[in-house]
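The values are calculated or read from the model by the stated rules, or taken from the named source; none is laboratory data. These figures come from a predicted structure and were not determined experimentally. All Cβ positions, even for glycine, are placed from backbone atoms using ideal geometry, and neighbour counts span all protein chains on display. Just the protein is used for accessible areas: all its heavy atoms, side chains included, with ligands, DNA and RNA removed. Shrake-Rupley method; radii C 1.70, N 1.55, O 1.52, S 1.80 Å.
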Amino acid sequence: MIENLDTIEKKDLFASGHRACGGCGQALAARMVADASGENTIACVATGCLEVFSSPYPDPSWRIPFLHSLFENAAAVAAGVEVAYKALNKGPVNIIAQGGDGSTSDIGFQCLSGMFERGHNVLYVCYDNEAYMNTGVQRSGSTPLGTRTTTTPGGKKRLKKNIPLLAADHGIPYVATATVDDYRDLQRKVKTALSIEGPKYLHILAPCPLGWGHAGDLTVQICRLAKQTCIFPVFEIREGKIISVQKVPVKKPVEEYLKLQGRFRNLFKKGTPTTDVAAIQKIADGNIERFNL
Amino acid sequence: MLKQIEGSQAVADVVALCRPNVIAAYPITPQTHIVEDLAEIVSEGRLKAEFVNVESEFAAASVVLGASAAGARTYTATTSQGMLLMNEVIYCIAGMRLPIVLTCANRAIAAPLNIWNDHQDSMSVRDAGWIQLHAEDNQEAADLHIQAYKIAEQLSLPVMVCMDGFILTHAYEPVDIPDQKQVDDFLPPFKPTHIVDPRWPRGLGLYADPRFYMEAKYIQHRALEKSEETIKQVSADFRRAFNRDSGGLFKTYKLKDADVVVVSMGSIVGSIKDLIDRFEAEGKKVGLLQICSFRPFPREQIYETLKDKTNIVVLEKSISLGRGGILASDIRWTFPKGEKIKRRISSFIAGLGGRNISLDDLRYMVEKVEREPVELEFLGLRQEIIQEKDL
């Protein structure tokens, strides 16, 4: 079904004219995912920014079938579509559940875990903008250490939940991470995932200019810095084994990533202990070691 | 064929005859036997369907939502806490007009934790936009499922078949299980009207801003009101095809000359009929109106049926805490204010959390309302374990 993994697909299956903010990483990623998966796809989308800016009645942006139910059940709804296709002898069809980091790592994690465990032939895509953006930038389980949100005004004190590795530990056949600055890599991973039978998980870092406090034209640059500082490792796991890692030959200090974003302003205020930034550098160093970046 | 079987098995057998494509369920007492029996039917190959063992009732409802949106005939069953956990999806299914059939093995709701029968669970979703049909006995529980699919798919409305937990689900009694051909003749294959399919890309579950939301709810409300006709029609068609009375909006028993009318629903109506017969032998005229369709609530037809009755007592296994009887509320609303006729409508709450309702309890109730109207009374309340300081 998937022809060429390395061709960039531009089919406009996720049409322009939607209501996302300028520079929205999620809108960019959703278009890449839709175009990579092609017309023969059903998108099951969780409540959240993506759903709100792309599906107001009567003018949705989707040119593929779109199914939205609730905030926390995209994975279960997609599982339902999948079993229906099996039972009705229809298909093959690409079934892609999509949600933000809140619906994926917090409120919808049970449905996600159940879908993985039961082995549905579904690709779950998480657009990670590291907080509840649709409701006005509140902290989620995926918000990183030190981040200022409206519910962590002093900066988050806890670590970001590692959903890709939690997904991999379910024993599912394919887990990958990607960023929206690398069209080719992201689409290759979507196509790779769709060529594999069973549950798949793709975790995409999707900057939110509004919530992260950066200019809309910096979305791509911020993604690159997330990789170059090793804050966000980009890798693929097949059957529990890491099969590819995007190497970072020249590693930059995390400050270069943090300083561009208003959400980390607290860390650089006069009088803030430098240990806070050091703790984040430690996370990046841990990624370097763990993934051999 | 007449079989001496458990209520749960009767429902499982009949659901299988309705040929659902997708079944998803999470185990919860007293619903378990239904889904266990269905799992066996599927695993033995007697029904070709996908049986999905989900991780929660919330997921069960979500899986059937997705499957129904993709064009499958679907089934799930739950009760009590499971119904509450499903609540969000229950509303969503109705709003999306998906013709899902669900069995509610009626059970009480915690706290205190209690696994026995009352109607609080299905009452908790009475406003969600589902058709709710209550079974009197296991034959009717089985029959209602066949009718439910027909009603649901004709109207694009979800249907909940309510049967009393344990009292029906775990009771063995003779049930006539139809053969496959009879059911196939009655229930045509599901032809969905709006589904997700790449051949006709469209959106399901779009969000509606204030310009559109109210109309969506109005249309849902009108559809439910209009479903009364279909519920009646399907019950009449069922009578012709299967030669027995099941379902419909409501039934009456010895109502014509009754001086006192009991209104109730679910399995307790069997006991009420027994009592009515005994009263009759004693020369006392008591009648019954048993609700099958609680939602839609057939107000006009109940009014027409009861308009000459001056002493009505509502017996129900549910309560709106801080307000009173729920069915009683609906029955009181049935009669317009300022009627010339002087009418008493009494309200009794009974059987909460599986408390037994004896014939003596029922007799006490009828004899009490003969003497005086009762605003609200808990039947069989054990006053000796209630302390003044707790009130």
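Rundown of residues vs (1) farther than 28 Å from B:ALA216 by Cβ; (2) touching a Leu at 6+ places or on another chain (Cβ under 9 Å), yes/no style:
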{"residue": "B:ASN138", "(1), (2)": "yes, yes"}
{"residue": "B:GLN147", "(1), (2)": "no, yes"}
{"residue": "B:SER156", "(1), (2)": "no, yes"}
{"residue": "B:ASP164", "(1), (2)": "yes, no"}
{"residue": "B:LYS181", "(1), (2)": "yes, no"}
{"residue": "B:PHE186", "(1), (2)": "yes, no"}
{"residue": "B:VAL196", "(1), (2)": "no, yes"}
{"residue": "B:PRO201", "(1), (2)": "no, yes"}
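Considering the stretch A:44-64 alone, what residues qualify as being under 16 Å from A:VAL122 (Cβ atoms) and within 7 Å of chain B (Cβ to nearest Cβ)? Reasoning before the result, please.
Quick first cut of the stretch A:44-64, residues under 16 Å from A:VAL122 (Cβ atoms) only: A:44-46, A:64.
The answer is A:CYS44, A:ILE64.
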Do any residues in the stretch B:186-204 that are more than 7 Å from chain A (Cβ to nearest Cβ) have Cβ atoms under 9 Å from those of residues that are in a loop (DSSP other than H, G, I, E, B) and of a type in the set (S, T, N, Q), where the two are at least six apart or on different chains, and which pairs are they? B:PHE190/B:ASN21; B:PRO192/B:SER156; B:THR193/B:SER156; B:HIS194/B:SER156
Scan the stretch B:52-81 residue by residue and report those that are more than 7 Å from every other protein chain (Cβ to nearest Cβ), part of a helix (DSSP H, G or I) and touching a strand residue (DSSP E or B) at 6+ places or on another chain (Cβ under 9 Å). B:GLU57, B:ALA60, B:ALA61, B:SER68, B:SER80
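When you go through B:GLU367, B:GLU339 one by one, which is the residue that is modelled with pLDDT under 95, surrounded by fewer than 16 Cβ atoms within 10 Å (Cβ to Cβ) and of a type in the set (Asp, Glu)?
Working: B:GLU367 fails: modelled with pLDDT under 95.
Exactly one residue qualifies, and that residue is B:GLU339.
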Please find, within the stretch A:70-86, the residue that is nearest to the other protein chains (Cβ to nearest Cβ) out of those that are open to solvent by 10 Å² or more (accessible area, probe 1.4 Å) and closer than 13 Å to A:GLY99 by Cβ. A:LEU70
Assuming B:THR230 fulfils every condition listed in (1) over 14 Å from B:PHE294 (Cα atoms); (2) surrounded by 13 or more Cβ atoms within 10 Å (Cβ to Cβ); (3) of a type outside the set (Phe, Trp, Tyr); (4) out of contact with any helix residue (DSSP H, G or I) (no Cβ under 6 Å at 6 or more places or on another chain) apart from one, which condition is it? (4)
Would you mind telling me which numbered condition in (1) more than 12 Å from chain B (Cβ to nearest Cβ); (2) under 20 Å from A:LEU123 (Cα atoms); (3) not small (Gly, Ala, Ser) A:THR41 fails? (1)
Could you check, for the stretch B:122-131, whether at least one of its residues is open to solvent by 10 Å² or more (accessible area, probe 1.4 Å), within 14 Å of chain A (Cβ to nearest Cβ), among the basic types (Lys, Arg) and closer than 24 Å to B:SER235 by Cβ? no
When A:LEU67 is evaluated against the numbered criteria (1) in contact (Cβ under 8 Å) with a residue 12 or more places away in the chain; (2) open to solvent by 10 Å² or more (accessible area, probe 1.4 Å); (3) at the interface with another protein chain (Cβ under 7 Å from one of its Cβ atoms), which criterion, by number, is the only one it fails? (2)
Pair list, Cβ < 8 Å and 6+ apart or interchain, from the stretch B:257-279 residues that are closer than 21 Å to B:VAL161 by Cβ and of a type outside the set (Gly, Ala, Ser) to residues that are part of a loop (DSSP other than H, G, I, E, B) and open to solvent by 10 Å² or more (accessible area, probe 1.4 Å): B:ILE268/B:LYS317; B:ILE268/B:ILE357; B:VAL269/B:GLU136
In the stretch A:159-176, is there at least one residue being within 30 Å of A:LYS11 (Cβ to Cβ), out of contact with any Phe, Trp or Tyr (no Cβ under 8 Å at 6 or more places or on another chain) and within 14 Å of chain B (Cβ to nearest Cβ)? no
Return the pair list, or none, for Cβ contacts closer than 7 Å from residues in the stretch B:3-31 that are over 16 Å from B:ILE41 (Cα atoms) to residues that are open to solvent by 20 Å² or more (accessible area, probe 1.4 Å) and in a loop (DSSP other than H, G, I, E, B), at least 6 apart or on different chains. B:THR29/B:ILE115; B:PRO30/B:ILE115; B:PRO30/B:PHE166; B:PRO30/B:HIS170
